[in-house]
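Participant: Pasting a structure below so you can have a look.
The values are calculated or read from the model by the stated rules, or taken from the named source; none is laboratory data. These numbers come from a predicted model, not from an experiment. No Cβ is skipped: glycine too gets one built from the backbone with ideal geometry, and neighbour counts run over all protein chains shown. The area values use the complete protein model at the heavy-atom level, side chains included, leaving out ligands, DNA and RNA. Shrake-Rupley method; radii C 1.70, N 1.55, O 1.52, S 1.80 Å.
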Amino acid sequence: MTTVTLPDGSNRELPAGSTGADLAASIGRGLAKAAVAVRIDGREADLGAVLPEGATVEVITAGSAEGRHVLRHSTAHVLAQAVTDLWPGARFAIGPAIEDGFYYDFELPGGAHFSDDDLERIEARMREIVAEDQPFVREEHTVEEGLSLFSDQPYKLEIINGVDRGEGAGDSTVSAYRNNDRFVDLCRGPHVPSTGRLGHFKLMKVAAAYWRGDEHRPQLQRIYGTAWESKAALEEHLRRLEEAEKRDHRRLGAELDLFHFPPEIGGGLPVFHPKGGLVRKLMEDYSKAEHEKAGYDFVWTPHLAKSTLFETSGHLEWYREGMYPPMEMEGATYYPKPMNCPMHILVYKSRQRSYRELPLRLFEFGTVYRFERSGVLNGLLRVRGITQDDAHIFCTPEQLSPELSDLLGFVLRILRAFGLEDFEAELSTRPDKFVGEIEDWDKATDSLRQALDTAGIAYAVAEGEGAFYAPKIDVHVRDAIGRRWQVSTLQVDLQEPQRFDMEFVGADNGRHRPYMIHRALFGSVERFFGILLEHYAGAFPTWLSPVQASVLPVRSDHEEYAARVAARLREAGARVEVLAADEQLGYRVRKAKQEKVPYVLVVGDQDLHAGTVGVNSRTGEERGVPLEDLLGRLAAELRP
Ligand SMILES: [Zn+2]
Ligand SMILES: [Zn+2]
C-alpha cells in the first residue's frame, strides 16, 4: 500500500502504484470528474503520475485557478495540432496559458497569414480533435532525441538548446507530450489526461508577435483563445467581454465629449474637454475638501528639477528608464519629475522640525512625467503625464502604526464615496535585496498588517514582493462587472529619509529620523477617471455628472416655464441645461439619455398649470411630480 497526505492533513491508503486519478476516484465521483491534474509535494503533475509513498497530494480541479491554467494550456496544444494539420509544414513556437485564456505563436509556410475565416476552420478542426479524445502522453527524451524529434521545428530547437525549463527543456532531458503519432509538443506539463476533457473554448483573434518579444527576430502570428471548465463559465466570460467593450473608456470619452489624445501633443498626453474637465474638477474638489478635514497641509511643487535632486533621491540610479530625457539650461541638467516625493522632502527640510509638528501630512495634485513605451499606452489607464493625488506623511516611530490605520480607513472611505465598495488588498513584504535595517522593515510591515486588520478588508500577503526600499499595501477594487483594478498604494519608505538625512528634534531634545509614508489614493487622476468611467459605463452618479438635469419644454410656449424650473434647480445647486423646443421632443429625450444625464425633465401644459415636472430618470418615468418634491429628492444626490 501507499500512504499519502491530503491538504487537510488526513492520510489516505491506496494500493501501491496508484495514480492521481486513482486518488481522486477514491475520494469521490464528483472529484474524479473535476480533476485535471495533481500537486505532489508542491509540484504539479499529470493525473496519471504514480503517487510516491509519504507524499502530500492535492487534486487540482478544473474550476480552480491552477486547473483553468491546465485546461487552457492543453487547449493551446490542440490549437497547435489543428494548425499543423491544416497547414502542413507550419512551425509552432510557444503556447502558454494566460489570464482568461491562452495563445500560440505560429509561422506559416511561405509567410502566409491567418484570416478571420481561418479561425473558424481551425476551431472546427480543434473540435474534431476533442471529439477523438486523444490522450496526452508524457515522454521523457535525452537532449539528442529531443533535437531529432523537433528537427523541423526551429523554435523548439532553440528552446531545447537554450535549456528553457519553463518549456520542458532541461540540462540532460527534455519532456514532451504526444497526442498521436503525428503531433508532439515540447512541454513541461502537466496536461489533462485526454483532449476529451476540453471543449469549452473559443478562438478570439490573430495578432502579430515577435519571437521572444524581440523586434529583430522573426515576426510570428499569434492566435488568442479563451477556455473554461464549463459552457456556463465560457458564456459568462464572453458576456463580460461584450460588457467591457461597451464600457471602454476611450469610446465613452469620445461619445460623451470628455477628453481626447491629440496626435499634435503626443502619445499618452490627453486633453480634457469642458465636461471631462468638470468631472475631474469635482473629483479634485471633493478630494481636497476631505484631505483638508483629515489634517493634510497643501503644498505645490514644480514640474522640473536639477539632476542633483534625483541623484540624492536615487531616482537617476534606479528609475532612469522611467524618466523623460534631460534638458540643459544655464550649465545645469534638468529633468521632468517622475515623482513628487523628493520635492515634498525639501518642504520638510526647509527648516528644523520638532516632534510636536508630526505627523506632517503634505498633499498635492502633482503632475509627474514618466516614459512609457508607446506600445503599452492604454487610453487614460496608462499615460505619460500622470497627476497623482499624492501625499507624503512624516511621523515619529510611535505614530507610524496609528497613522497607517487612520490612513487606510481614510482611503477606503474616499473610495466608497466614489461608489467603489468591493476591496481586496495585497501586503508586499521585504524582498531578498533591500536597503535599511531589518527591524525597521519589521516595524513597518507589522504596522501595515495592523492597518489591514483594523480596516477588516480581505488581503493576501505577497512575500518578498515589496520594492527594495519599502513594504506596501496595494488596494484593489472590483468594478460593476467584476474586474479588478489596482488603485491606492500605501508605502513605508525606508530609504529616502536616510538619503536626505531627514531629522526631527524629539521630546528628549535629541535628533531622530522620521518615518516616511508615500500614498496615492486615486493612484492617478487620469487612471481613476478611466476606471470610474468604465465602472459606471459613463452614467456617473448625480454628484459627478457634468449635467445633472436637462429640462425639455414640450412646445415652445412651455419654454418660459422650463426656464423657471431650471432657475429653481440652479438655486438648489444643480447643474442644469434647457433643451429648447426647436427639435422633436423624442429626439431631445434620446440626446439627453445618450449623454447620460441623470434627470431628464419634460414640462408641458399640465405641468405649467400644476407646478409639476415629468421625471425621466435612470430608474424610471413619473408624470406630474411637484417641483418641490423633486428638489427634496435631489438635495441628497447633488453632492457626494
Ligand atoms: Zn504543454
Ligand atoms: Zn512618494
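Participant: Which whole-Hz couplings ³J(HN,Hα) result when phi for each residue of segment 590-599 is put into the Karplus expression 6.51 cos²θ - 1.76 cosθ + 1.60, θ = phi - 60°, listed in order with x for Gly and Pro?
Facilitator: Calculated HN-Hα couplings, in order: 4, 4, 5, 5, 4, 7, 6, 5, x, 10 Hz.
Participant: Evaluate the charge dipole of the chain about its Cα centre and quote only its size in Debye, nearest 20, assuming +1 on the Cβ of each Lys and Arg and -1 on the Cβ of each Asp and Glu. Write down the numbers at each step before the final one.
Facilitator: On the way: 76 positive and 100 negative charges, 266 e Å.
My answer is approximately 1280 debye.
Participant: Under the definition of Cα pairs under 8 Å and six or more residues apart, what whole-number percent is the relative contact order of segment 91-208?
Facilitator: Values: 153 pairs, mean separation 33.9, N = 118.
In percent, rounded to a whole number, it is 29.
Participant: Moving to a separate point now. Please list MET327, MET339 from largest to smallest accessible area, probe radius 1.4 Å, with all protein chains kept in place.
Facilitator: Numbers: MET327 75, MET339 30 Å².
Heavy-atom accessible area, descending, gives MET327, MET339.
Participant: What order do LYS33, LYS337 take when sorted by accessible area (1.4 Å probe), most exposed first? Mind showing how you got there, number by number?
Facilitator: Details: LYS33 170, LYS337 0 Å².
Largest accessible area first, the list is LYS33, LYS337.
Participant: Another one. Can you tell me the order of 404-412, 555-563, 505-513 when each peptide is scored by its average per-residue count of other Cβ atoms within 10 angstrom, highest first?
Facilitator: Values: 404-412: 21.1, 555-563: 15.7, 505-513: 11.8.
In decreasing order of mean packing, 404-412, 555-563, 505-513 become 404-412, 555-563, 505-513.
Participant: Still on this structure, please answer the following. In whole percent, what relative contact order does the chain give with Cα contacts below 8 Å and a gap of six or more residues?
Facilitator: 8 percent.
Participant: Could you state the number of Å between the C-alpha centres of segment 491-567 and segment 109-124?
Facilitator: 48 Å
Participant: At 222 nm, what value in deg cm²/dmol follows for the chain if DSSP H runs of at least 4 each add -39500 (n - 2.57) and the sum is divided by all its residues, to the nearest 500? Working shown, then result.
Facilitator: Values: 20 runs with 221 residues, N = 640.
The helix contribution divided over the chain gives -10500 deg cm²/dmol.
Participant: Let me ask another. Hey, if you put +1 on the Cβ of every Lys and Arg and -1 on every Asp and Glu Cβ in the chain, which of PHE528, ALA207, VAL505 ends up farthest toward the positive end of that dipole?
Facilitator: Going by the charge dipole, the pick is PHE528.
Participant: At a 1.4 Å probe radius, which order do LYS472, LYS156, LYS306 fall into by accessible area, largest first?
Facilitator: Working: LYS472 45, LYS156 0, LYS306 100 Å².
My answer, sorted largest first, is LYS306, LYS472, LYS156.
Participant: By how many degrees, between 0 and 90 and to the nearest 10, does the Cα long axis of helix 525-535 differ from the longest principal axis of the chain?
Facilitator: 80 degrees
Participant: Another question about this same structure. Relative to the longest principal axis of the chain, what angle (0 to 90°, nearest 10) does the C-alpha long axis of helix 231-246 take?
Facilitator: 40 degrees
Participant: Which GluC sites (Glu not before Pro) in segment 244-342 sit in a loop by DSSP (not H, G, I, E or B) and have at most 11 other Cβ atoms within 10 Å of their own Cβ? Mind dumping the intermediate values first?
Facilitator: Values: sites: GLU245, GLU255, GLU264, GLU284, GLU290, GLU292, GLU311, GLU317, GLU321, GLU328, GLU330; in loops: GLU264, GLU330.
Sparse-neighbourhood loop GluC sites (Glu not before Pro): GLU264, GLU330.
Participant: What whole-number distance in Å separates the alpha-carbon centres of segment 233-285 and segment 429-453?
Facilitator: If we compute the Cα centre of each part, the gap is 37 Å.
Participant: Report LEU346's accessible area, 1.4 Å probe, all protein chains in place, as a number in Å² to the nearest 10.
Facilitator: Estimated to the nearest 10 Å², LEU346 gives 80 Å².
Participant: Which aspartates and glutamates does LYS293 reach when only Cα atoms under 19 Å apart count, and residues fewer than 8 places away in its own chain are ignored?
Facilitator: Counting by Cα, and skipping residues close in sequence, LYS293 has these aspartates and glutamates nearby: GLU284, ASP285, GLU357, GLU364, ASP389, ASP390, GLU403, ASP406.
Participant: For segment 214-342, treating each Cα as an identical point scatterer without solvent, what Debye log10 I(q)/I(0) comes out at q = 0.15, 0.16, 0.18 1/Å?
Facilitator: With no solvent term, the Cα-only Debye profile gives -1.11, -1.12, -1.12.
Participant: If I model the chain as equal point scatterers sitting on the Cα atoms and use the Debye formula, what is log10 I(q)/I(0) at q = 0.07 Å⁻¹?
Facilitator: -0.65
Participant: Show which lysines lie in cross-link reach of LYS433 when reach means a straight Cα distance below 25 angstrom and same-chain residues fewer than eight apart are skipped.
Facilitator: Of all the lysines, those that pass the test against LYS433 - Cα under 25 Å, at least 8 places apart if same chain - are LYS443, LYS472.
Participant: Relative to the first principal axis of the alpha-carbon coordinates of the chain, what is the inclination of helix 274-293, with its axis defined by its Cα atoms, in degrees from 0 to 90 and to the nearest 10?
Facilitator: In the chain, helix 274-293 runs at an angle near 80 degrees to the longest axis.
Participant: Right, another one. Considering only protein heavy atoms and a probe of 1.4 Å, how much of the accessible area of the chain is carbon and sulfur, as a whole percent? Intermediate results must be reported in sequence, preceding the final value.
Facilitator: Numbers: 14440 of 29560 Å².
Solvent-exposed carbon and sulfur of the chain make up 49 percent of the total.
Participant: Same structure again: Give the residue list of trypsin sites (Lys or Arg not before Pro) in segment 352-445 that are DSSP loop and have at most 12 other beta-carbon atoms within 10 angstrom.
Facilitator: Values: sites: ARG353, ARG356, ARG361, ARG370, ARG373, ARG382, ARG384, ARG413, ARG416, LYS433, LYS443; in loops: ARG353, ARG370, ARG373, ARG384, LYS433.
Sites meeting the loop and neighbour criteria: ARG373, LYS433.
Participant: Same structure, new question: Would you mind getting the accessible area per residue of the chain, heavy atoms of the protein chains only, 1.4 Å probe, in Å²?
Facilitator: For the chain, the per-residue accessible area is 46 Å².
Participant: Sticking with this one: Please state the relative contact order of segment 415-485 as a whole percent: Cα pairs under 8 Å, 6+ residues apart?
Facilitator: 50 percent
Participant: Let me ask something additional. From the square roots a ≥ b ≥ c of the eigenvalues of the alpha-carbon gyration tensor of segment 322-420, which class results: rounded (a/c under 1.5), prolate (a/b over b/c), or oblate?
Facilitator: Details: a/c = 3.32, a/b = 1.25, b/c = 2.66.
Here segment 322-420 falls in the oblate category.
Participant: So which of LYS275/LYS337; LYS205/LYS231; LYS246/LYS337; LYS33/LYS231 end up more than 25 Å apart, counting from Cα to Cα? Write down the numbers at each step before the final one.
Facilitator: Working: LYS275/LYS337 28 Å; LYS205/LYS231 20 Å; LYS246/LYS337 36 Å; LYS33/LYS231 15 Å.
Correct reply: LYS275/LYS337; LYS246/LYS337.
Participant: Which whole-angstrom value gives the distance between the alpha carbon centres of segment 179-232 and segment 580-640?
Facilitator: So the separation of the two Cα centres works out to 53 Å.
Participant: Considering only DSSP states other than H, G, I, E and B, which GluC sites (Glu not before Pro) in segment 403-494 qualify as loop sites with at most 13 other Cβ atoms within 10 Å?
Facilitator: On the way: sites: GLU403, GLU421, GLU424, GLU426, GLU437, GLU439, GLU463, GLU465; in loops: GLU421, GLU437, GLU463, GLU465.
Those satisfying the criteria are GLU421, GLU437, GLU463.
Participant: While we're on this one: Starting from the 7 Å offset along Cα-to-Cβ, what nm value, one decimal, do you get for the label separation of ALA507 and SER26?
Facilitator: 6.4 nm
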